[in-house]
Amino acid sequence: MIDGLVEGCCDDSGLKGRPSIVLVSGWSFDSSMWRNLVEGYVARGGDPSVIHCLDWLDLGHWIFDGTDCPVAKKYSGKNVLWLGWSLGGALILEALGRKKLSPHLSVILSASPRFLQDTATGWQGMPEKNWQALRRQVGRSPEAALAGFDAWLGLPAGCNRQQDVIALQQGLDWLAAVDQRASLGRATTPIHWVFGSDDPLLPTQPWADVCDSERQLFTPLAGGHALPWRHEDYLMNLLLTFSARGIENV
């Protein structure tokens with residue numbers, strides 16, 4: 001249930017009420033990370049023509065650098081589901097806060113309103129020194145940095161990965177820049193948060209206190225940061241439910 005992309009990005013013609021889905025990849029993963037999810041969705045009767053898989057890098061350049069809108073007009077209708085994992089989810093939040101997206105619902109998977117720790121307010125995010133260490137490691141050897149990142153978080157092998165140093169460091173900079181805690185307190189559109197209860201990249205305390213609880217749903221799952229692979233059936237059923245009934249029942 002998305003009103004559409006605003007500020008001249010896309011119009012409201014969309015698919016005339018036909019449900020559509022946009023999936024945004026996470027840091028270092030290209031949009032093919034969603035292949036198994038989409039194939040499962042299609043195998044269970046879903047329509048592949050309503051899904052657009054979007055690379056986090058393209059979304060980030062649109063938000064921060066003002067490049068062209070990375071989605072086609074048909075995904076700007078009122079009945080669209082946006083789902084982003086990790087950095088992809090954080091970028092959706094940033095787009096919401098900047099009024100570049102005005103959806104009726106976003107699904108934020110394995111991301112929080114702010115990634116970095118904020119000692120001044122007690123926000124228990126990732127310490128900045130850890131973020132800086134990862135950024136430096138990417139500069140030295142992207143391959144080694146991603147191998148360590150995957151081993152730490154239990155991410156699967158065999159996925160297409162971006163290894164361009166500039167792009168990877170840009171993604172980390174975008175992640176560090178996102179802080180949408182204030183905007184969530186006055187949010188006008190619903191957000192469904194799906195996150196690992198034991199995810200080391202997320203704050204240890206819940207962030208429901210900065211949100212409008214009437215407009216935001218929280219679904220903790222086991223599985224750390226690797227939810228797209230460990231809870232593929234859950235996500236597939238969410239997409240199928242949306243496609244069959246529309247966003248009101250997701």
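Descriptive notes on the structure:
- Filter pass, Gly89 being surrounded by 21 or more Cβ atoms within 10 Å (Cβ to Cβ) and not in a strand (DSSP E or B): yes
- Selection of helices (runs of 4 or more DSSP H) fully inside segment 147-234 by the criterion of at least 3 residues being among the aliphatic types (A, V, I, L, M) and in contact (Cβ under 8 Å) with a residue 12 or more places away in the chain returns 165-177.
- Residue match in segment 201-210 (condition: more than 25 Å from Leu153 (Cα to Cα) and either more than 16 Å from the chain's Cα centre (by Cα) or modelled with pLDDT of 95 or more (or both)): yes
- Condition broken by Arg140, with the remaining ones in (1) exposed (fewer than 13 other Cβ atoms within 10 Å of the Cβ); (2) in contact with a Gly (Cβ under 9 Å, 6 or more places away or on another chain) satisfied: (2)
- Meets criteria (modelled with pLDDT of 90 or more and either over 24 Å from Ala151 (Cβ atoms) or among the aromatic types (Phe, Trp, Tyr) (or both)) for Leu238: yes
- If the condition is being assigned to a loop (DSSP other than H, G, I, E, B), surrounded by 13 or more Cβ atoms within 10 Å (Cβ to Cβ) and free of Cβ contacts under 8 Å to residues at least 60 places away in the same chain, then segment 17-69 contributes only Asp55.
- Test: Ala111 is at negative phi, small (Gly, Ala, Ser) and crowded, with 17+ Cβ neighbours inside 10 Å: yes
- Residue count, segment 168-177 (criterion: within 17 Å of the chain's Cα centre (by Cα) and surrounded by fewer than 18 Cβ atoms within 10 Å (Cβ to Cβ)): 3
Residue-wise test of (1) over 30 Å from Val80 (Cβ atoms); (2) small (Gly, Ala, Ser).
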site	(1), (2)
Ala145	yes, yes
Leu175	no, no
Gln180	no, no
Leu184	no, no
Pro190	no, no
Gly196	no, yes
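- Pairing residues of segment 118-140 that are within 23 Å of Gln169 (Cβ to Cβ) and modelled with pLDDT of 95 or more with residues that are part of a helix (DSSP H, G or I) and aromatic (Phe, Trp, Tyr), at Cβ distances under 8 Å and at least 6 apart in sequence or on separate chains, gives Leu134/Phe149.
- Residues of segment 70-83 that turn out to be part of a helix (DSSP H, G or I) and either under 24 Å from His231 (Cα atoms) or among the charged types (D, E, K, R) (or both), as a count: 2
The values are calculated or read from the model by the stated rules, or taken from the named source; none is laboratory data. This structure is a prediction, so every number in the text was calculated from the model and none was measured. As a convention, Cβ positions derive from the backbone with ideal geometry for all residues, glycine included, and neighbour counts pool all protein chains shown.
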